[in-house]
Amino acid sequence: EIPPADLVRLAARAGFASIGVRMIAAVPGGTCHPLLDRAVRDGLRRALAETGIGLLHVELLSIDRRLEPARWRDAVAAGAELGATRRAVAGDDPDPAVVAGKLAERCDIAAPLGMAVDIEFMPFRAVAGLADALDVVARAARPNAHVLVDALHVFRSRSDLALLARTAPRLIGGFQLCDAGAAARADAAALAAAARTRRLLPGGGA
């Protein structure tokens, strides 16, 4: 819920090098910070300049067959203007070929702006596990397409750690590290709620 400019100043006090900003709500009515708004963008730019903190990535865009290029292009440009080098997406179409095709299109838009596109697998979305995400990235066949690995989603999706160990480092765009309780309900709504509201610091869970 913290506005991006305030988050930057807190990150500086805590010793972080960069932040990420959720530009688009994960669910209808969810928290987001519209960097397409010039005033929000200007405030964030001032805070970044004052603190030396960087904007690493902006998130989270859902990819399905309804996704329009204009929405993506504007969001990528707004992030790139502030120095972001990564854009996080999720796959929400049941056909991996559709997700891969849309991912390739988005990578082509992002590349001239110096931005990579990281697809994050989540057990409550169509691209649910590590194998799904690697398949989509391989199909997209773009050098700036990568997989975003979230520790919580690795375990909740029961993704194969041996597969992760074998994955070429060039395919991994980043890691999100956290902890969580050992038990979790398996239905999509519960998994999503836990991912958004019940994470723990590393070492604080199972």
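The values are calculated or read from the model by the stated rules, or taken from the named source; none is laboratory data. Here the structure is a predicted model, which is why all the values come from computation and not from measurement. Note: ideal-geometry Cβ built from the backbone for every residue, glycine included; neighbour counts use all protein chains shown. With ligands, DNA and RNA removed, areas are computed over all heavy atoms of the protein, side chains included. Shrake-Rupley method; radii C 1.70, N 1.55, O 1.52, S 1.80 Å.
A few notes on this one:
- Some residue of the stretch 35-56 being in contact with a strand residue (DSSP E or B) (Cβ under 6 Å, 6 or more places away or on another chain) and closer than 30 Å to PRO94 by Cβ: no
- The set of residues in the stretch 139-162 that are out of contact with any strand residue (DSSP E or B) (no Cβ under 9 Å at 6 or more places or on another chain), surrounded by fewer than 19 Cβ atoms within 10 Å (Cβ to Cβ) and among the hydrophobic types (A, V, I, L, M, F, W, C) comprises ALA141, PHE155, LEU161, ALA162.
- Here ARG65 fits the description: more than 16 Å from the chain's Cα centre (by Cα), among the basic types (Lys, Arg) and open to solvent by 50 Å² or more (accessible area, probe 1.4 Å).
- Single match in GLY52, GLY20, GLY43, GLY15 (criterion: touching a residue at least 40 places away in the same chain (Cβ under 8 Å), over 16 Å from ALA192 (Cα atoms) and open to solvent by 30 Å² or more (accessible area, probe 1.4 Å)): GLY52
- VAL27 fulfils the conditions (1) in contact (Cβ under 8 Å) with a residue 40 or more places away in the chain; (2) among the β-branched types (Val, Ile, Thr); (3) open to solvent by 40 Å² or more (accessible area, probe 1.4 Å); (4) under 23 Å from PHE175 (Cβ atoms) except for a single criterion, (4).
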